[in-house]
């Protein structure tokens with residue numbers, strides 16, 4: 001441990017000792033070749049040597065498998081949200097299945113960078129895998145919707161750590177010029193998990209005795225098995241400081257961030273869904289969330305060790321990249337949850353809906369890897385982000401052209417464009433932020449990207465759910481509200497999609513049109529987000545992509 005605290009590795013110390021004399025100062029200043037960065041905050045960042053390719057592959061494959069599990073979990077819940085909500089007799093639970101996961105995800109990811117700077121990437125990654133396994137175990141044995149949501153919250157903490165810390169490791173071990181390629185490979189793992197999750201989720205529900213529960217339980221063993229492997233392979237030293245661990249944690253920043261997110265998302269999800277917008281719940285939580293956010297900005301601008309240095313947001317590239325990440329995450333989460341639901345309303349089983357959703361993660365894998373290689377080859381990134389955002393816009397336009405009688409390839413091509421565009425913009429946004437700061441701030445600025453993604457994902461599913469639910473309720477009441485048995489039928493339709501199969505024939509066409517019109521509102525909102533993402537990523541500035549970790 002002494003070699004880490006001195007900012008040198010054993011080989012460096014041995015080399016230095018060869019030149020020591022009686023006149024050698026006891027405390028030397030680091031020379032130009034020292035692999036450490038100190039930026040005046042009583043912390044030293046140890047810059048590790050880029051590991052040999054074989055060891056790098058082993059380390060990153062371990063971290064990427066965690067990304068695979070997180071992606072598997074996200075798409076399993078997407079294809080099974082309808083059946084789970086129906087089993088618990090609450091279609092409004094659909095948005096909570098995503099929101100509960102994303103709230104804890106959002107609360108975890110901003111602090112993951114700071115905490116793993118202090119305690120080390122290895123400890124953080126091991127804890128994240130443990131929480132992920134525990135959360136999925138709780139979901140698999142849940143007997144009511146409260147337990148189910150609790151499991152999603154726990155899994156969200158774990159999944160957020162697994163994905164974000166894997167990204168930090170990539171930045172720790174690979175130079176910027178190769179960073180896009182590594183991000184592309186990570187997205188291949190993400191895409192593989194997303195593709196398998198969509199299909200496996202449907203297969204478990206349609207063809208196994210345990211149904212959707214098995215989809216959660218099968219994720220527990222691999223997450224637990226990763227823990228000892230991480231302990232053996234991941235050895236990135238934390239930042240060094242004379243202060244104690246607890247003295248370096250921004251507890252108030254963590255509290256303000258979590259409070260802001262929980263209050264905002266609780267109010268947005270409840271308003272117009274479980275309670276009217278005039279109810280005290282949204283009227284109280286949303287203003288309080290704004291107060292917490294203002295307090296967070298004020299506190300983070302003055303604290304010595306912030307979880308997110310808000311001063312960095314004055315940089316145009318970082319602010320634009322975070323904004324683009326926010327909008328594309330809003331769009332992706334709405335796509336992930338509402339396209340499968342749209343296909344199920346049209347009559348597809350969960351398995352078929354999952355298969356038809358495959359173009360999105362497939363496009364994402366190709367888009368990320370292609371963008372990564374293009375950046376490594378050209379040393380530039382802004383143009384590829386613009387192309388990706390344009391692809392997103394085309395995809396959402398295709399969604400808006402859908403109708404009940406449209407051929408399925410319209411939806412599939414739209415998913416392909418959305419998946420590829422999302423990955424291209426995400427890769428560009430991440431690299432542009434990393435290129436705009438020095439090595440010591442990489443994890444913190446990556447946390448800002450993850451915060452934007454988490455908030456965007458949660459806002460996306462919440463806003464899409466509010467638009468969809470409110471539009472559907474209004475149209476169904478206009479259609480059936482004054483008919484005999486209509487109010488009871490409306491409540492059943494809002495709680496379970498299977499009720500569509502039991503509708504009287506004379507009501508079916510009107511009800512289907514109400515559902516399609518409600519989805520169309522979601523598609524329009526998604527198109528607006530795509531345009532905003534295009535505008536945001538266009539404002540990113542080019543920085544040099546260095547070929548070495550010390551950026552020399």
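Considering (1) buried (at least 18 other Cβ atoms within 10 Å of the Cβ); (2) modelled with pLDDT under 85, the lone condition that residue 282 does not fulfil carries the number (2).
The residues on offer are 480, 472, 494, 476, and the sole one that is closer than 28 Å to residue 264 by Cβ and either crowded, with 20+ Cβ neighbours inside 10 Å or in the same structural domain as residue 82 (by TED's automatic domain parsing) (or both) is 472.
Residues are listed down the side, and each one gets a yes or a no for (1) assigned to a helix (DSSP H, G or I); (2) modelled with pLDDT under 85; (3) not assigned by TED's automatic domain parsing to the domain that holds residue 410:
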| site | (1), (2), (3) |
| --- | --- |
| 506 | yes, yes, yes |
| 512 | yes, no, yes |
| 522 | yes, no, no |
| 526 | yes, no, no |
| 531 | yes, no, no |
| 534 | yes, no, no |
| 544 | no, yes, yes |
| 548 | no, yes, yes |
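Listed conditions (1) modelled with pLDDT under 85; (2) surrounded by fewer than 24 Cβ atoms within 10 Å (Cβ to Cβ) are all met by residue 131, apart from (1). Scan region 412-444 for residues that are over 19 Å from residue 184 (Cα atoms) and surrounded by fewer than 24 Cβ atoms within 10 Å (Cβ to Cβ) and jot them down. Of everything in region 412-444, those that are over 19 Å from residue 184 (Cα atoms) and surrounded by fewer than 24 Cβ atoms within 10 Å (Cβ to Cβ) turn out to be 412, 413, 436, 437, 438, 439, 440, 441, 444. Applying the criterion of being in contact (Cβ under 8 Å) with a residue 40 or more places away in the chain, part of a loop (DSSP other than H, G, I, E, B) and over 24 Å from residue 254 (Cα atoms) to the residues of region 299-354, the residue that is farthest from the chain's Cα centre (by Cα) is 346. Does residue 455 satisfy the condition of being within 30 Å of residue 124 (Cα to Cα) and not in a helix (DSSP H, G or I)? Answer is no for this residue.
Considering only residues that are surrounded by fewer than 24 Cβ atoms within 10 Å (Cβ to Cβ), at pLDDT below 85 and more than 30 Å from residue 80 (Cα to Cα), which ones fall in region 303-350? Matches in region 303-350: 303, 304, 305, 306, 309, 310, 311, 312, 313, 314.
Among the residues of region 355-389, how many are over 28 Å from residue 175 (Cα atoms) and within 21 Å of the chain's Cα centre (by Cα)? Give the derivation first.
Of the residues in region 355-389, the ones over 28 Å from residue 175 (Cα atoms) are 355-360.
In the following step, the residues that additionally are within 21 Å of the chain's Cα centre (by Cα) were identified as 357-360.
Residues in region 355-389 being over 28 Å from residue 175 (Cα atoms) and within 21 Å of the chain's Cα centre (by Cα): 4 in total.
For residue 210, are the conditions met, namely being in contact with a helix residue (DSSP H, G or I) (Cβ under 6 Å, 6 or more places away or on another chain) and either over 20 Å from residue 71 (Cβ atoms) or part of a helix (DSSP H, G or I) (or both)? Here the answer is no, as residue 210 does not meet what is asked. Here 520, 502 are screened, and the one residue that is out of contact with any helix residue (DSSP H, G or I) (no Cβ under 8 Å at 6 or more places or on another chain) and either in contact (Cβ under 8 Å) with a residue 40 or more places away in the chain or surrounded by fewer than 19 Cβ atoms within 10 Å (Cβ to Cβ) (or both) is 502.
The values are calculated or read from the model by the stated rules, or taken from the named source; none is laboratory data. Please read all numbers here as calculations on a predicted model, not as lab measurements. Glycine also receives a Cβ, built like all others from the backbone with ideal geometry; neighbour counts cover every protein chain displayed.
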